[in-house]
1. Mind checking which pairs have a first residue in the stretch 58-79 that is farther than 14 Å from I105 by Cβ and a second that is in a loop (DSSP other than H, G, I, E, B), Cβ under 6 Å, 6 or more apart or different chains?
2. Considering only residues that are on the phi < 0 side of the Ramachandran plot and either β-branched (V, I, T) or without any contact (Cβ under 8 Å) to a residue 24 or more places away in the chain (or both), look in the stretch 117-131 and name the one that is surrounded by the fewest Cβ atoms within 10 Å (Cβ to Cβ).
3. Residue under question is T104, and the condition is that it be in a strand (DSSP E or B), of a type in the set (V, I, T), under 17 Å from E12 (Cα atoms) and free of Cβ contacts under 8 Å to residues at least 40 places away in the same chain; does it hold?
4. With among the β-branched types (V, I, T) and at pLDDT 90 or above as the only criterion, which of V157, V112, V163 stands out?
5. Quick test for you: out of F15, F29, pick the one residue that is at pLDDT 95 or above and farther than 12 Å from A131 by Cβ.
6. With the requirement that a residue be on the phi > 0 side of the Ramachandran plot and not basic (K, R), what does the stretch 105-116 give you?
7. Taking the residues in the stretch 59-94 that are in contact with a strand residue (DSSP E or B) (Cβ under 6 Å, 6 or more places away or on another chain), of a type outside the set (D, E, K, R) and surrounded by 15 or more Cβ atoms within 10 Å (Cβ to Cβ) as candidates, determine which candidate is modelled with the lowest pLDDT.
8. Only one of S49, S56 is surrounded by 15 or more Cβ atoms within 10 Å (Cβ to Cβ) and modelled with pLDDT of 95 or more; which?
Amino acid sequence: MSTWKIDPVHSEIKFKVRHLVVSSVTGNFNKFDATVVSDKADFSDAKISFEADVNSISTKNDQRDGHLKSQDFFDSGNFPTVKFASTKINRKDGNDYEVVGDLTIRGVTKEVKLSATFNGVVKGFGGGEVAGFEATGKVNRFDYGLQWNGLTEAGGVVVGEEVKLDLNAELNRVEEAKKAA
């Protein structure tokens, strides 16, 4: 059994949502943690746990970030973290996988499916093993109680319902437990 921890310096947790119907706003979480446990070298049996600190959200606009942390959206005072726990990994083709798991936002847990690519394992600086992954997906923010919205003068919505997720993860191997004979 191998345990891997995310390297936050070499990883990104990003999201994108429509703004004013015609453009998009991109943001990210600056503080997060993830652990992956796997017996297989191709990670096809992996168990993934992930947590992001809602107060670390950044869209490059302090006023918008404050609004996202408020009760209108994430309600960080009552729900300070976003969590994900995988329930199964389905190999699609080659190094492409579907990662199925439970995403919890504002105390609401829903199943999500992410498309993931395993980029391989290499020896990193210092000789430790490093694995790389990319994953994408989308969720409906209304499913999690993030329902605030406004209307433009033309009648369009200010914030879209669909949120696109884009994750780039570099993992460092941290331990190797010997299998029982």
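1. S58/N30; D65/T59
2. Filtering the stretch 117-131 for residues that are on the phi < 0 side of the Ramachandran plot and either β-branched (V, I, T) or without any contact (Cβ under 8 Å) to a residue 24 or more places away in the chain (or both), the one surrounded by the fewest Cβ atoms within 10 Å (Cβ to Cβ) comes out as F125.
3. So T104 fails the test.
4. Just one listed residue meets the conditions, V112.
5. From the options F15, F29, the qualifying one is F29.
6. If the condition is that a residue be on the phi > 0 side of the Ramachandran plot and not basic (K, R), then G107 is the only one that fits.
7. Filtering the stretch 59-94 for residues that are in contact with a strand residue (DSSP E or B) (Cβ under 6 Å, 6 or more places away or on another chain), of a type outside the set (D, E, K, R) and surrounded by 15 or more Cβ atoms within 10 Å (Cβ to Cβ), the one modelled with the lowest pLDDT comes out as L68.
8. Exactly one of S49, S56 is surrounded by 15 or more Cβ atoms within 10 Å (Cβ to Cβ) and modelled with pLDDT of 95 or more, namely S56.
The values are calculated or read from the model by the stated rules, or taken from the named source; none is laboratory data. None of these values were measured; they are calculated from a predicted model. When we count neighbours, we look across all protein chains shown, and the Cβ atoms used for this are built from the backbone with ideal geometry, even at glycine.
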